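The values are calculated or read from the model by the stated rules, or taken from the named source; none is laboratory data. Quantities reported herein were computed from a predicted structural model and do not represent experimental measurements. Note that we place each Cβ from the backbone using ideal geometry, even for glycine, and neighbour counts take in every protein chain shown. Only protein heavy atoms, including side chains, enter the accessible area calculation; ligands, DNA and RNA are left aside. Shrake-Rupley method; radii C 1.70, N 1.55, O 1.52, S 1.80 Å.
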Amino acid sequence: MKIPADRGRFVTFEGPDGSGKTTQLRLLYPWLVEQGYPVIVTREPGGTVIGEQIRALLHDCARTEMSAQAEILLYSASRAQLVAEFILPALDAGKWVLCDRYYDSTFAYQGYGRGLSLDDLRAITRFATQLLKPDLTLYLDVSPEIGLQRRAQSGEALNRLDRETLAFHRRVREGYLALAAAEPERWITVDASLPVSEVQAVLRQILQTWGEKLQ
Ligand code: TMP
């Protein structure tokens, strides 16, 4: 598969905690490279030195005093740095940038989950992203019950958001479903309750078809 070198593409991966995005991206990356796609992978929050420092602060379970407003500004600061330092230059260089979470996480978690005004979040997001919108968003859908159980069994340290209530995680998922329904031309929903290998096969098929359409 040969993609013209001058056309960068921006693909984001979204999903509730425990949806398996990170595992899927780890499996997808070498396969896409093998297929000849000029891909690079990054994540939010993080992906730059500044962003990773912000990530540590955001995920620190000891920081229970963090206000919802400070939280959104920190996620947005990490995003602003990632867009300016990494994503825009990579797209200019013709890369396919695959990003583990992007601004839709803010709408799902801070908007639907925490109940912050979506209009405020849109204004902050416009400023932070320089209006950069994903070309494609792959949404790995899983119920909060399954997602949280997977997280608990993964052995990974739980972060500040993992420790939120089940009701919070239910609102986050409802938020994702609403966001996907509002922009069907950008979002593709994948059933992430399936085994890892099946989800991976579906994602490969989607990206291959999408890549072919771009030629
Ligand atoms: P993850 O990188 O392991 O998915 O963890 C990121 C956590 O941060 C996850 O619980 C979702 C949350 N998050 C937000 O609440 N808002 C955001 O804008 C982003 C990017 C992540």
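Every condition in (1) within 14 Å of the ligand (Cβ to nearest atom); (2) open to solvent by less than 60 Å² (accessible area, probe 1.4 Å); (3) in a helix (DSSP H, G or I); (4) modelled with pLDDT of 95 or more is met by Arg151 except one, and the failing one is (4).
Kindly establish whether Leu98 is more than 11 Å from the ligand (Cβ to nearest atom), in contact with a Ser or Thr (Cβ under 9 Å, 6 or more places away or on another chain) and open to solvent by less than 10 Å² (accessible area, probe 1.4 Å).
Numbers: more than 11 Å from the ligand (Cβ to nearest atom): yes; in contact with a Ser or Thr (Cβ under 9 Å, 6 or more places away or on another chain): yes; open to solvent by less than 10 Å² (accessible area, probe 1.4 Å): yes.
So Leu98 passes the test.
Among the residues of the stretch 30-53, which ones are closer than 19 Å to Asp104 by Cα, not in a strand (DSSP E or B) and not acidic (Asp, Glu)? If the condition is that a residue be closer than 19 Å to Asp104 by Cα, not in a strand (DSSP E or B) and not acidic (Asp, Glu), then Pro45, Gly46, Gly47, Gly51 are the ones that fit.
Of the residues making up the stretch 163-182, at least one is open to solvent by 70 Å² or more (accessible area, probe 1.4 Å) and closer than 29 Å to Arg7 by Cα.
When Ala80, Ala56, Ala108, Ala128 are screened for being part of a helix (DSSP H, G or I) and either more than 15 Å from the ligand (Cβ to nearest atom) or open to solvent by 40 Å² or more (accessible area, probe 1.4 Å) (or both), only Ala56 passes.
Taking the conditions exactly as written (surrounded by 13 or more Cβ atoms within 10 Å (Cβ to Cβ) and in a loop (DSSP other than H, G, I, E, B)), does Leu138 satisfy them or not? Taking the combined requirement at face value, the residue does not satisfy it.
Of all residues in the stretch 30-50, those that are within 10 Å of the ligand (Cβ to nearest atom) and open to solvent by less than 20 Å² (accessible area, probe 1.4 Å) total 3.
Residue check: is Tyr75 in contact with a Lys or Arg (Cβ under 8 Å, 6 or more places away or on another chain) and within 12 Å of the ligand (Cβ to nearest atom)?
Values: in contact with a Lys or Arg (Cβ under 8 Å, 6 or more places away or on another chain): no; within 12 Å of the ligand (Cβ to nearest atom): yes.
Against the criterion (in contact with a Lys or Arg (Cβ under 8 Å, 6 or more places away or on another chain) and within 12 Å of the ligand (Cβ to nearest atom)), Tyr75 does not qualify.
Residues that are aliphatic (A, V, I, L, M) and touching a Ser or Thr at 6+ places or on another chain (Cβ under 7 Å) do occur in the stretch 128-137, at least one of them.
On the basis of being touching a helix residue (DSSP H, G or I) at 6+ places or on another chain (Cβ under 8 Å), on the phi > 0 side of the Ramachandran plot and in contact (Cβ under 8 Å) with a residue 24 or more places away in the chain, does Gly47 make the cut? Yes, satisfied. Of the residues making up the stretch 59-72, those that are open to solvent by less than 30 Å² (accessible area, probe 1.4 Å) and more than 9 Å from the ligand (Cβ to nearest atom) number 1.
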